[in-house]
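To start, the structure under review is shown below, and the notes come after it.
The values are calculated or read from the model by the stated rules, or taken from the named source; none is laboratory data. Predicted, not measured: the structure shown is a model, and the values here were computed from it. Every residue, glycine as well, gets a Cβ built from its backbone with ideal geometry; the counts of neighbours run over all protein chains shown.
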Amino acid sequence: MKLHKNSKAQKTFGKSFAKTGHKGQVGIEYLTITAFLLVIAIILFVFGFVLFNETAKRSKADNAVKALASAANQVYALGPGNIVFVEVELPEGIVFGRTFGKTIEFTLSSFSGNASVFERTNTNLSLVFLPTRQGKHFFRVEMTNTPPDFNVLIAETTP
């Protein structure tokens with residue numbers, strides 16, 4: 001049955017619809033949909049924020065390792081007795097750091113477990129455990145005078 005625009009039935013139906021509370025139901029439905037979309041937006045924001053922090057942490061650790069490896073390669077190229085000082089910033093979440101063989105390594109904690117950030121050098125490195133606390137650190141990178149295996153020593157120092 002088709003209702004005409006100004007018919008008596010249309011006016012009666014409109015009044016009865018308003019009286020039964022269906023307008024309030026529509027409002028509740030819109031409110032529920034909006035709340036659901038807001039919850040999804042918040043979850044996506046939190047996930048993006050956590051991912052950004054993890055990426056920034058890994059990037060800082062990667063920069064620190066590359067700076068130390070570059071200094072070790074530079075000292076190795078200059079020869080025994082040479083020293084270079086390096087300032088690096090370590091991120092939070094480092095659980096382990098060391099130099100061994102020809103590798104400089106930091107291990108980071110993350111939500112998905114531990115991740116290693118490392119860099120290879122051109123020379124042998126003396127075994128040293130690197131600091132793990134967050135912040136700026138100063139390192140002394142020195143080519144030792146001990147033949148036949150000239151090692152590069154990386155040690156934390158004060159500025």
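Considering Lys11, Lys15, Lys5, the condition of being in a helix (DSSP H, G or I), surrounded by fewer than 11 Cβ atoms within 10 Å (Cβ to Cβ), at pLDDT below 90 and not hydrophobic (A, V, I, L, M, F, W, C) is satisfied by Lys15 alone. Here segment 147-159 is the region considered, the condition is being within 18 Å of Ala77 (Cβ to Cβ) and modelled with pLDDT of 70 or more, and the residue that is surrounded by the most Cβ atoms within 10 Å (Cβ to Cβ) is Val152. The set of residues in segment 87-125 being surrounded by 20 or more Cβ atoms within 10 Å (Cβ to Cβ) and either without any contact (Cβ under 8 Å) to a residue 12 or more places away in the chain or touching a Phe, Trp or Tyr at 6+ places or on another chain (Cβ under 6 Å) (or both) consists of Ile94, Gly97, Val117. Within the option set Leu37, Leu68, Leu51, being loosely packed, with under 14 Cβ neighbours inside 10 Å, assigned to a helix (DSSP H, G or I) and modelled with pLDDT of 95 or more holds for one residue only, Leu37.
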